[in-house]
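The values are calculated or read from the model by the stated rules, or taken from the named source; none is laboratory data. These numbers come from a predicted model, not from an experiment. Reconstructed Cβ throughout: ideal geometry from the backbone, glycine too, with neighbour counts over all protein chains shown.
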Amino acid sequence: SKDPSAKDEL
Amino acid sequence: MNIFRLAGDMTHMFSVLVLLLKIHTIKSCAGVSVKTQELYAIVFATRYLDIFTSFVSIYNTFMKLVFLGSSFSIVWYMRYHKAVHRTYDREQDTFRHWFLVLSCLLLALLIHEKFTFLEVLWTFSLYLEAVAILPQLVLLQRTRNIDNLTGQYIFLLGGYRGLYILNWIYRYFTEPHFVHWITWITGLVQTLLYADFFYYYFLSWKNNKKLN
């Protein structure tokens, strides 16, 4: 599960 | 992924491809600030350092490569391609953008979410992206006019930022714990910088006269 601060945005 | 973010990424990709296409096709970079392009190259280089260490998705990696490739190609064309470099307006593009780099670096060392190398550089890239358009907007005011492709470039960049704000609003209401103050504040500042450009762009479009 991705941590909420994961940099999934560009 | 939501429609706002996808539209924002596509608009952003088009903005850099429109600029790269203009420079490659007509072999001219008149009206374009190489300092803004250098700042964007630094933004992407410091933001996508994790491109090989943390895999998010094919889309994410592909887009990072597109942004890195296009921004560095544009700087290369404007700095080292003889025909293009000749059309670069060195006298007018005099914004001291290294001060922007330094102040964003200092700010990132002061305000960040975690004090790690990657996180500080990532935060630095957010601050720098917010102000990267300044040399271009200053050059625009100096040259007092703008050819339509550069205008479209700035318009698309502003559009990408506006769509990202809609994306954050959407994610805030649909995902619990989706709160990223630094991202939101820097994104808002960046979008506001485009506000007055949008005003004049709209006026010139409405009155159907050359933007100046």
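Okay, here's what the table says:
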read-out: Residue count for the range B:89-128, restricted to those that are outside any helix (DSSP H, G or I) and loosely packed, with under 15 Cβ neighbours inside 10 Å; value: 9
read-out: Qualifying residue in the range B:45-64 (condition: touching a residue at least 12 places away in the same chain (Cβ under 8 Å), of a type in the set (S, T, N, Q) and in contact with a Pro (Cβ under 8 Å, 6 or more places away or on another chain)); value: no
read-out: Condition check for B:Y88: in contact (Cβ under 8 Å) with a residue 40 or more places away in the chain, away from every other protein chain (no Cβ under 14 Å), in contact with a helix residue (DSSP H, G or I) (Cβ under 6 Å, 6 or more places away or on another chain) and farther than 22 Å from B:V131 by Cα; value: no
read-out: Qualifying residue in the range B:39-61 (condition: surrounded by 19 or more Cβ atoms within 10 Å (Cβ to Cβ), within 14 Å of another protein chain (Cβ to nearest Cβ), more than 20 Å from B:G8 (Cα to Cα) and of a type outside the set (F, W, Y)); value: yes
read-out: Failed condition for B:L118, given (1) of a type in the set (A, V, I, L, M, F, W, C); (2) touching a residue at least 24 places away in the same chain (Cβ under 8 Å); (3) within 22 Å of B:L19 (Cβ to Cβ); value: (3)
read-out: Given (1) more than 10 Å from every other protein chain (Cβ to nearest Cβ); (2) part of a helix (DSSP H, G or I), index of the condition B:M13 fails; value: (1)
read-out: Failed criterion for B:H180 (all others in (1) at pLDDT 95 or above; (2) crowded, with 17+ Cβ neighbours inside 10 Å hold); value: (1)
read-out: Filtered residues of the range B:129-168 (kept if within 14 Å of another protein chain (Cβ to nearest Cβ), in contact with a Phe, Trp or Tyr (Cβ under 8 Å, 6 or more places away or on another chain) and touching a residue at least 40 places away in the same chain (Cβ under 8 Å)); value: B:E129, B:L157, B:R161, B:L163, B:Y164, B:L166, B:N167
read-out: Answer from B:L137, B:L163 - the residue that is more than 16 Å from B:K35 (Cβ to Cβ) and part of a helix (DSSP H, G or I); value: B:L163
